There are 2 protein chains.
Amino acid sequence: MSGHLAVVGLGPGDARYVTPEAEAALAAAQALYGYGPYLDRVPVRPRQSRHASDNREEATRAAAALRVAAAGARVAIVSGGDPGVFAMASAVCEEIEAGPDSWRTLEVAIVPGVTAMLAVAARIGAPLGQDFCALSLSDNLKPWDVIERRLDAAAGAGFVLALYNPISRARPWQLGAAIERLRRHLPATTPVVFGRAVGRPDEHVSVTTLAEADAADADMATLIIVGSRATRVVQRNGQAPLVYTPRAVAEVSA
Amino acid sequence: MSGHLAVVGLGPGDARYVTPEAEAALAAAQALYGYGPYLDRVPVRPRQSRHASDNREEATRAAAALRVAAAGARVAIVSGGDPGVFAMASAVCEEIEAGPDSWRTLEVAIVPGVTAMLAVAARIGAPLGQDFCALSLSDNLKPWDVIERRLDAAAGAGFVLALYNPISRARPWQLGAAIERLRRHLPATTPVVFGRAVGRPDEHVSVTTLAEADAADADMATLIIVGSRATRVVQRNGQAPLVYTPRAVAEVSA
């Protein structure tokens, strides 16, 4: 019997974002692994074991799932959003590279999903309508000066920025520092979107400016989009404003 | 009767990527608008009109759909991948901003989808496992020197790059020029992924290096991922290699 490991993206948090491919991979699994709150989104099925673990245990979780798959089981690791964007797919690849030879013969399927920045952007218009960067503000695995250099490079070259992992109890100052840093490059009026828990009952999306943006309005479930110089806000009658970045770039941005 | 416009992402090209939310939006529409090949992916339903248009007619298509929605109909515009990533959502926002006041009272729903870079990344491992940029190589709406500056900034700061719209009959040299440009910043051994038509019967995904990458291997349906200095290739026994970017950034990248 040959094992199989699927790394499955659940999308931003509601069943209406789960693709048929993800649904099929979850249904076929004998064992499910994942961070508890993500696992809680998956309907309980008979004859399927569930193994919840903590947020910061990606490597241990990946290794445990690989071990069970290598023993012949059909295993799925669940991820919020897309597993390839600041999530489990990279941790699984790391473990395969570092692990025993038997892990390299395993069939591994990564099942993509709607990542948070796409869901937040969709809620508010089309802020990612031109070139953009996705950047994690977590300095757990990356020196802070690398993050600063990437903020400088991206904002300076006119990319829109999607900021993942903006803040946590253990990382309280990073988002404020990033906003401060971006103010060196972008006008005070640059639109900023805070998208919290999109697709979940407690969803909250708000639009502000770079001058007014306040790190205290974000938590672990927030994804932040910082516009470029080209990003616009369209006020509407009786509808929420639209934030979008036009397709055309008229001139060299500063 | 008040109209409604949905801008719906179909994902990379197979029904297994269409989210339940997208499916529901398509089923509820009285009129469908879109680029012909995308519209062809949507099952024909009775009492639903279909309006195919050409690739380059985004603004005209958006305006036509808005006009019909403003007259009271339930309208859907279909997009490949995600509508907010180099697709129709931005064109719709532009038309709303430029159009009559009545378009600003319309209910507009953007329905996100799995964009090409996520699908290509999933097929090959986790190349987008660290900070990354999405950049369109089309200079139809953007001066080429802006594209060059963005390539320089992103590669120089250690972002992985996802290149959309790499090549077309009208834009034959841009991808070659971009690869040449990236060679100034990145080692010859940097992994490069060509992902063509992922999720469709003629899917083809290949891995090469920046030194060997050949623009002639891409066409309009290709999405290219250029790794950072940190991106790795794991050879496997009896399985395709895995390309991934580790979560940890050990030091300041050049």
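The values are calculated or read from the model by the stated rules, or taken from the named source; none is laboratory data. These numbers were taken from a predicted model, which means no experiment stands behind them. Methodologically, a virtual Cβ is constructed for each residue, glycine included, from the backbone with ideal geometry; neighbour enumeration extends over all protein chains shown.
Conditions (1) surrounded by 13 or more Cβ atoms within 10 Å (Cβ to Cβ); (2) touching a helix residue (DSSP H, G or I) at 6+ places or on another chain (Cβ under 9 Å); (3) closer than 20 Å to B:Cys133 by Cβ, marked per residue:
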site: B:Ile179; (1), (2), (3): yes, yes, yes
site: B:Pro187; (1), (2), (3): no, no, yes
site: B:Gly199; (1), (2), (3): yes, yes, no
site: B:Ala215; (1), (2), (3): yes, yes, yes
site: B:Val226; (1), (2), (3): yes, yes, yes
site: B:Arg236; (1), (2), (3): yes, yes, no
site: B:Ala240; (1), (2), (3): yes, yes, no
site: B:Thr245; (1), (2), (3): yes, yes, yes
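Can you tell me which of (1) closer than 29 Å to B:Leu151 by Cα; (2) facing chain B (nearest Cβ under 7 Å); (3) in contact with a Lys or Arg (Cβ under 8 Å, 6 or more places away or on another chain) is the one A:Gln130 doesn't meet?
Unmet for A:Gln130, out of (1) closer than 29 Å to B:Leu151 by Cα; (2) facing chain B (nearest Cβ under 7 Å); (3) in contact with a Lys or Arg (Cβ under 8 Å, 6 or more places away or on another chain): (2).
Report, by residue number, each residue of segment A:101-127 that is part of a helix (DSSP H, G or I), more than 7 Å from chain B (Cβ to nearest Cβ) and touching a residue at least 40 places away in the same chain (Cβ under 8 Å).
Scanning segment A:101-127 gives A:Ala116, A:Met117, A:Val120, A:Arg123, A:Ile124.
Within segment B:194-242, how many residues turn out to be out of contact with any Pro (no Cβ under 6 Å at 6 or more places or on another chain), outside any loop (DSSP other than H, G, I, E, B), within 24 Å of A:Arg150 (Cα to Cα) and among the hydrophobic types (A, V, I, L, M, F, W, C)?
2
Which residues, counting only those in segment B:139-151, are at pLDDT below 95 and more than 7 Å from chain A (Cβ to nearest Cβ)?
Across segment B:139-151, the qualifying residues are B:Asp139, B:Asn140.
Of all residues in segment A:50-89, count the ones that are among the charged types (D, E, K, R), closer than 19 Å to A:Ala170 by Cβ and assigned to a loop (DSSP other than H, G, I, E, B).
Total meeting the criteria: 3.
Can A:Ala154 be described as of a type in the set (Gly, Ala, Ser), more than 14 Å from chain B (Cβ to nearest Cβ), crowded, with 16+ Cβ neighbours inside 10 Å and in contact (Cβ under 8 Å) with a residue 12 or more places away in the chain?
Values: of a type in the set (Gly, Ala, Ser): yes; more than 14 Å from chain B (Cβ to nearest Cβ): no; crowded, with 16+ Cβ neighbours inside 10 Å: yes; in contact (Cβ under 8 Å) with a residue 12 or more places away in the chain: yes.
No: the conditions fail for A:Ala154.
How about segment A:6-30: which of its residues are more than 11 Å from chain B (Cβ to nearest Cβ) and not in a loop (DSSP other than H, G, I, E, B)?
A:Leu26, A:Ala27, A:Ala28
The conditions are (1) at the interface with another protein chain (Cβ under 10 Å from one of its Cβ atoms); (2) of a type in the set (Phe, Trp, Tyr); (3) part of a helix (DSSP H, G or I), and A:Tyr38 fails exactly one of them. Which is it?
All conditions are met except number (1).
Hey, can you tell me all the residues within segment B:167-185 that are in a loop (DSSP other than H, G, I, E, B), more than 14 Å from chain A (Cβ to nearest Cβ) and not small (Gly, Ala, Ser)?
If we filter segment B:167-185 for residues that are in a loop (DSSP other than H, G, I, E, B), which is where we start, we get B:167, B:169-170, B:172-173, B:184-185.
Filter once more, so that each one left must be more than 14 Å from chain A (Cβ to nearest Cβ): B:167, B:169-170, B:172-173, B:184.
Matches in segment B:167-185: B:Ile167, B:Arg169, B:Pro172, B:Trp173, B:Arg184.
Given B:Arg16, B:Arg47, which one is on the phi < 0 side of the Ramachandran plot and surrounded by fewer than 22 Cβ atoms within 10 Å (Cβ to Cβ)?
Working: B:Arg47 fails: on the phi < 0 side of the Ramachandran plot.
Answer to the check: B:Arg16.
Take the conditions over 28 Å from A:Asp145 (Cβ atoms) and out of contact with any Cys (no Cβ under 8 Å at 6 or more places or on another chain) and apply them to A:Ala188. Does it pass?
So A:Ala188 fails the test.
In the list A:Ala70, A:Ala59, which residue meets the criterion of being more than 22 Å from A:Arg196 (Cβ to Cβ), of a type outside the set (D, E, K, R), within 14 Å of another protein chain (Cβ to nearest Cβ) and surrounded by fewer than 17 Cβ atoms within 10 Å (Cβ to Cβ)?
Residue meeting the stated conditions: A:Ala59.
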